[in-house]
Amino acid sequence: MSKARQYELIYITAPEVTDEVLADLHAQVVAVAERFGGTVSKSENWGRKRLAYEIAGQREGVYIMETIDGPGAMTAELDRRLRVTDTVIRHLIVRVDEDLAVAERAAANRKASMATRRVKRGLPPEPTEAERRRHREDSDDDDVMGDAGFVPSGDRGERGDRGDRGDR
């Protein structure tokens, strides 16, 4: 059996589809996943939204996102089933475990390079609690520019250089 991967399945149904039909569609997805030894770990109904462009005469659709763990053969069967289901306007299956692994490796690399830089500067590899606390205190965004007098809202105040413009 092939290795289990994590996928996100997003499908759009017609806006007039009832909750019973959506529950039946979800049950079909769960049945296919279980048949291939997979599981549906999360299911979210994003609700009725306007489509970017008209699809099959529809301007709106109900978006559903499901996170599925299972083998690659499962996605082929899901794709086939959703393609022939009349209530599904569009669907997309994306493998997300590779992206999560890449993000984890990048975070580990950043942490290792930070530790190396700190050691070269004569500091311990990990910041101390006092350093973390000082950093949190320094990064407060209550006062954007301190007492410099800068107003970040873009207000220019009086503009006396324009003169009287009169009635336009």
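Every read-out reported here was derived from the displayed coordinates using simple, explicitly stated rules and does not represent laboratory data. Owing to the predicted nature of the structure, the values given are computational and were not obtained by experimental measurement. As a convention, Cβ positions derive from the backbone with ideal geometry for all residues, glycine included, and neighbour counts pool all protein chains shown.
Kirkwood Rh and Cα-based Rg: tell me the resulting Rg over Rh for the range 5-97, rounded to two decimals.
Answer for the range 5-97: 0.96.
In this label model, residue 83 and residue 129 are separated by 5.9 nm, measuring between points 7 Å along each Cα→Cβ vector.
I need the calculated FRET efficiency for the pair residue 65 and residue 121, taking r as the beta carbon distance and R₀ as 35 Å, to the nearest 0.05. Mind dumping the intermediate values first?
Details: r = 45 Å, r/R0 = 1.29.
Taking R0 as 35 Å, the efficiency between residue 65 and residue 121 is 0.20.
In this structure, the amide hydrogen of residue 96, modeled 1.01 Å from its nitrogen in the peptide plane, lies closer than 5 angstrom to those of 6, 7, 8, counting only residues at least 5 positions away or on a different chain.
Rounded to the nearest 0.05, what FRET efficiency do residue 19 and residue 92 give with R0 = 30 Å and r taken as the Cβ-Cβ distance? Could you check? Please list the in-between numbers first.
On the way: r = 22 Å, r/R0 = 0.75.
With R0 = 30 Å, the Cβ-Cβ based efficiency is 0.85.
Counting only residues at least eight positions apart within a chain, or on another chain, the lysines with an alpha carbon under 18 Å from that of residue 120 are 111.
Ordering 113, 139 by the number of other Cβ atoms within 10 Å of each residue's own Cβ, fewest first, gives 139, 113.
Rounded to the nearest 20, the Cβ-based charge dipole of the range 9-115 about its Cα centre (Lys and Arg +1, Asp and Glu -1) stands at 440 debye. Placing unit charges on the Cβ atoms of the charged side chains and taking the dipole of the range 66-121 about its Cα centre, the candidate lying farthest along the positive direction among 102, 71, 84 is 102.
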